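The block underneath contains the structure these notes are about, expressed in structure tokens.
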Amino acid sequence: MADRRSERRTALREALVAAHLDAVLLTSLANIRYITGFSGSSALVLVTARETLFITDFRYATQVREEVGDFARVAIEPQSLWTGLWQLLPEMVGVKLIGFESAQLIHRDFERLLSAGARWQWRPTNDLVETLRERKDPQEIARIQLAADVAKRALERTVPQLRAGMTELAIAGVLEQSLRAEGSEGFPFETIVASGPRSALPHARAADREVGAGDFLLVDYGAIVEGYCSDVTRTFVIGRASDEQKDVYEIVRGANAHASANVRAGMTGRDADALARQYIEQRGQGEGFGHSLGHGIGLEVHEAPRLSKTAESPLPAQAVVTIEPGIYRAGWGGVRIEDDVVLDPAGPRILTSFPRELMEIA
């Protein structure tokens, strides 16, 4: 596959020029992976107009050679990564005004910057790398597709094992085992399994509640393949669905289908959100849809862009976003159907393919 690190670094350097910075210090592991290819859990990266400095510790001495290679100047620091930065930073020619990732740096590390002396000036930055990550290249889309395929196969393994009387925790365990069996590197977020009245909690944690006949069963989960995430939600009924459950489900399914078919690159996140929101409101269920329509996915399961009532930025071509309308009623239950959609220039393309028709589980 094509190595796109050089073009990504070039784009970041152009962003530095636009921001009037000499360098940027990357502390977000997702951003570090995007720029350098490193998938470990300990690193600092300084990108300047002339070079890239990569600092990690002994645990990753072999891994960094394999993943980063000669793309950056690599330093293995035996003590603290910050000690390594202070030792090497004076060697960086022409570097005085340095940006840091304000949304990523914890306060203790911010204090390290303040105590570094007057030789450097530190400026907060927002989304320098995250903005680059919004638009996915073909290799990234292929990895998200693989993660969506893993998620589909895992749910196909799981559904035949579901029975009334199982706890939500047991169902989450079966699903997570299936994800591993199908090749997921991990879980991009804590698997949500919510049944009966608890399905009205959009971000419920799996509990020891036993699912019973007539319950909604909402499952929100994802897979990770080569660092890239998928994010899928399906809602089932245990036993026979009531007419009311079928009606609410069909409204959500219609909103999902309408938004997935009509979302476009170039429209604002607010207009994308309105595709599903207006559909649900026109059917008298608007009060039940309280969260936003979706978000970007990639190296992180929640990343830019946003699809919400307050998102004014246009959606970039080749972004991959979730479409996840829902209706929730306290004490009764809820329905959410979520798919991952790539915004191709020719139109949206759905990456997740598990059936959306209401499934009644005996």
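Some points to look at:
- The stretch 130-242: projected area of the alpha-carbon convex hull, averaged over directions, in nm²: 7.6 nm²
- Fully extending the segment from GLU357 to GLU244 would add 39.1 nm, taking 0.36 nm per residue of separation and subtracting the current Cα-Cα distance.
- Under 5 Å from the amide H of PHE236 lie the amide H atoms of LEU217, LEU218, VAL219, each residue being 5 or more positions distant or on a separate chain, with H modelled from the backbone and absent for Pro and chain starts.
- Total charge dipole magnitude, the stretch 258-362, about the Cα centre, Cβ charges on Lys, Arg, Asp, Glu only, Debye to nearest 20: 240 debye
- Note on the stretch 5-131: Cα convex hull, mean projected area over all directions, 7.0 nm².
- Farthest towards the positive end of the charge dipole of the chain, among the residues ALA241, LEU46, GLN121, is the Cα of GLN121, using unit charges on the Cβ of Lys, Arg, Asp and Glu.
- Here the gap between ARG73 and ARG163, fully extended at 0.36 nm per residue and compared with their Cα-Cα distance, gives a gain of 26.9 nm.
- Residue by residue, the stretch 172-181 carries 3J(HN,Hα) couplings of 4, x, 5, 5, 5, 5, 5, 4, 5, 4 Hz when phi is fed to the Karplus relation 6.51 cos²θ - 1.76 cosθ + 1.60 (θ = phi - 60°); x denotes Gly or Pro.
- Other-chain or far-sequence residues with amide H under 5 Å of MET267's (modelled H): LEU315
- The stretch 199-287 gives an Rg/Rh value of 1.02, both radii derived from C-alpha positions and Rh following Kirkwood.
- Label-to-label distance, ASN262 versus ALA213, with points set 7 angstrom from Cα along the beta-carbon direction: 4.1 nm.
- Size of electric dipole in the stretch 135-361: Cβ of Lys, Arg +1 and of Asp, Glu -1, about Cα centre, debye, nearest 20: 220 debye
- Student exercise, the stretch 5-131 dipole from Lys, Arg, Asp, Glu Cβ charges, in Debye to nearest 20: 160 debye
- Remark: the stretch 269-278, residue by residue, has Karplus-estimated 3J(HN,Hα) of x, 5, 5, 5, 4, 5, 4, 7, 5, 5 Hz, where x stands for each Gly or Pro and the curve is 6.51 cos²θ - 1.76 cosθ + 1.60 at θ = phi - 60°.
- Derived from the Cα gyration tensor, the three semi-axes of the equivalent ellipsoid of the stretch 119-168 are 42, 19, 7 Å, largest first.
- Share of Cα-Cα pairs in the stretch 246-362 lying beyond 20 Å, as whole percent: 38 percent
- With only the Cα atoms considered, the chain has a convex hull volume of 146 Å³ per residue.
- With 10 Å bins from 0: P(r) over the stretch 289-334, alpha-carbon pairs, percent: 26, 45, 22, 7, 0
- Whole-Hz couplings from phi, Karplus 6.51/-1.76/1.60, listed for the stretch 130-139; x for Gly and Pro: 4, 5, 5, 6, 4, 8, 8, 8, x, 5
- Amide H contacts of THR352: ASP340, each under 5 Å away and 5 or more positions distant or on a separate chain (H built 1.01 Å from N in the peptide plane; Pro and chain starts excluded).
- Look at the dipole of the chain built from charges on Cβ: of LEU218, LEU16, THR56, the Cα furthest out on the positive end belongs to LEU16.
Every read-out reported here was derived from the displayed coordinates using simple, explicitly stated rules and does not represent laboratory data. Predicted, not measured: the structure shown is a model, and the values here were computed from it. Every residue, glycine among them, receives a Cβ derived from its backbone with ideal geometry; neighbour counts consider all protein chains shown.
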